[in-house]
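The values are calculated or read from the model by the stated rules, or taken from the named source; none is laboratory data. The structure presented is a predicted model; accordingly, all values stated were derived computationally and were not measured. Glycine gets a Cβ as well: all are built from the backbone with ideal geometry, and neighbour counts include every protein chain shown.
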Amino acid sequence: MGDGVELQLKTPSDSPYVLETQAQLMSGELWKPLMEFRGSAGGARSFVDPYCADKESKFYRLRQILSKPPVEVSNFRLISQTGQAHELYYHWPAKAIVLLLTGKEIQNAVESAAELNRIRESYPSGDVITLVLSLSSPGEREEIAALVEGFPLELPVLQDTSHAVTRTLSSGFTPEALVVDPLTWSIQYRGPVQLTINQGTTEITLSPLSDAVADLLAQRPVSISRMVLPDTTLQVNPVKSGEYASDIAPILINNCFPCHTPGNIAPWAMTEYSVIAEYARLIKSAVLAGEMPPWHADPKYAHFSNSKSLTGDEISTLIDWIDRGTPRGGGRRSIG
Ligand code: HEC
């Protein structure tokens, strides 16, 4: 990585700001976010942009963010390289949860393991939880276990076999670290674990993940809440953009109707679109946590012929539809 350019960012107020960038000042070109941070009235923050060495020109703007609702993380349940199930919401007593989305390259986790362990161990046991999420198939479990052999139990590598959890959490970069506040299940930081920048003859290492965890544990607003990573592609499998009538309703009919119809055992019935849309957040959480449909099984070993387990593709299609805001679309619908 080449030399970075240092910017002095003056902030007139205590509100959040976003630093954005553009290669050319052209109308219509999108401003890309580089960093989101909390300002201080009358203060300034210096920022070194590490991604400009190979650019001929680059423009910046600093914009105050007036209101930005926190992004909520839904519950999920995934199985680790040692075959243990881990549920996110189980960790509600913790003070911060760090998630590392590695994509398909476990090497990303190996490179960040020391820093993740260091952050967790800087606090009393149980205060900071560290979880790695990998995009991998159940058959790759032994291979992953071998690659991360030295990892402590407190740094499990979870297998996101449907890719649905990574897809819903990621902003499109890998590897990406997230800090989740278990009090609100909201994302407090997203960005790199660490960042090394050359400035003249010196090399600076920034530790924005560690800083965000420290802010959260000190009950301060997180100072830098987002840092953008170099352009990488997110390696999740593409998901079919599902239509309510032709894709979503059939999944619900096949997998949920046995119980979620009037007079059946589930406490609410999927009678029409508006009910399903209203329950969307709960559906997302229940499906990603493996609670619904209620057949707990490790996909590596279990093949129950009658079980109504959702396939990875069905989970992805359903969650993606919920993340897009449950569009109703057209078409003839079999559920209202
Ligand atoms: C075998 C029967 C059965 C099937 C199949 C089933 N459910 Fe359920 N569901 C229940 C029961 C019973 C409850 C209430 C008890 C509970 O929350 O565990 C429930 C509760 C729920 C809730 C509320 C959870 C909460 O936290 O309040 C959601 C959401 C849900 N189901 C979604 C689904 C979806 C989506 C499917 C299909 C993919 C599905 N269920 C399939 C029986 C079922």
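Name every residue in the range 123-140 that is among the hydroxyl-bearing types (Ser, Thr, Tyr) and assigned to a loop (DSSP other than H, G, I, E, B), in order of residue number.
Those that are among the hydroxyl-bearing types (Ser, Thr, Tyr) and assigned to a loop (DSSP other than H, G, I, E, B): TYR123, SER125, SER136, SER137.
Which one is nearest to the chain's Cα centre (by Cα) among residues in the range 4-35 that are among the charged types (D, E, K, R) and under 18 Å from PHE59 (Cβ atoms)?
Ranking the candidates gives LYS32 first.
Looking at (1) more than 18 Å from GLY103 (Cα to Cα); (2) without any contact (Cβ under 8 Å) to a residue 12 or more places away in the chain, can you tell me which one ASP181 breaks?
(2)
Just wondering, is there one or more residues in the range 210-221 that are surrounded by fewer than 15 Cβ atoms within 10 Å (Cβ to Cβ) and in contact (Cβ under 8 Å) with a residue 12 or more places away in the chain?
Checking the range 210-221: at least one residue is surrounded by fewer than 15 Cβ atoms within 10 Å (Cβ to Cβ) and in contact (Cβ under 8 Å) with a residue 12 or more places away in the chain.
Can you name every residue in the range 41-57 that is surrounded by 12 or more Cβ atoms within 10 Å (Cβ to Cβ) and in contact with a Ser or Thr (Cβ under 6 Å, 6 or more places away or on another chain)?
GLY43, the sole residue that qualifies.
Please go through the range 92-122 and give me each residue that is under 8 Å from PRO175 (Cβ atoms) and part of a loop (DSSP other than H, G, I, E, B), ordered by number.
GLU105 - this is the single residue of the range 92-122 that is under 8 Å from PRO175 (Cβ atoms) and part of a loop (DSSP other than H, G, I, E, B).
Which count do you get for residues in the range 59-85 that are closer than 27 Å to ASP323 by Cβ, in a loop (DSSP other than H, G, I, E, B) and not polar (S, T, N, Q)?
8
Does VAL110 satisfy the condition of being closer than 24 Å to SER137 by Cα, aliphatic (A, V, I, L, M), more than 17 Å from the chain's Cα centre (by Cα) and assigned by TED's automatic domain parsing to the domain that holds SER186?
Answer is yes for this residue.
Take the residues in the range 248-276 that are buried (at least 16 other Cβ atoms within 10 Å of the Cβ) and assigned to a helix (DSSP H, G or I); name whichever of them is farthest from the ligand (Cβ to nearest atom).
By that ranking, first place goes to TYR273.
With respect to SER241, determine if the residue is exposed (fewer than 13 other Cβ atoms within 10 Å of the Cβ) and either part of a helix (DSSP H, G or I) or away from the ligand (no atom under 16 Å from the Cβ) (or both).
On the way: exposed (fewer than 13 other Cβ atoms within 10 Å of the Cβ): yes; either part of a helix (DSSP H, G or I) or away from the ligand (no atom under 16 Å from the Cβ) (or both): yes.
Criteria met by SER241.
Would the range 278-286 turn up any residue that is within 16 Å of the ligand (Cβ to nearest atom), at pLDDT 90 or above, part of a helix (DSSP H, G or I) and in contact with a Lys or Arg (Cβ under 8 Å, 6 or more places away or on another chain)?
no
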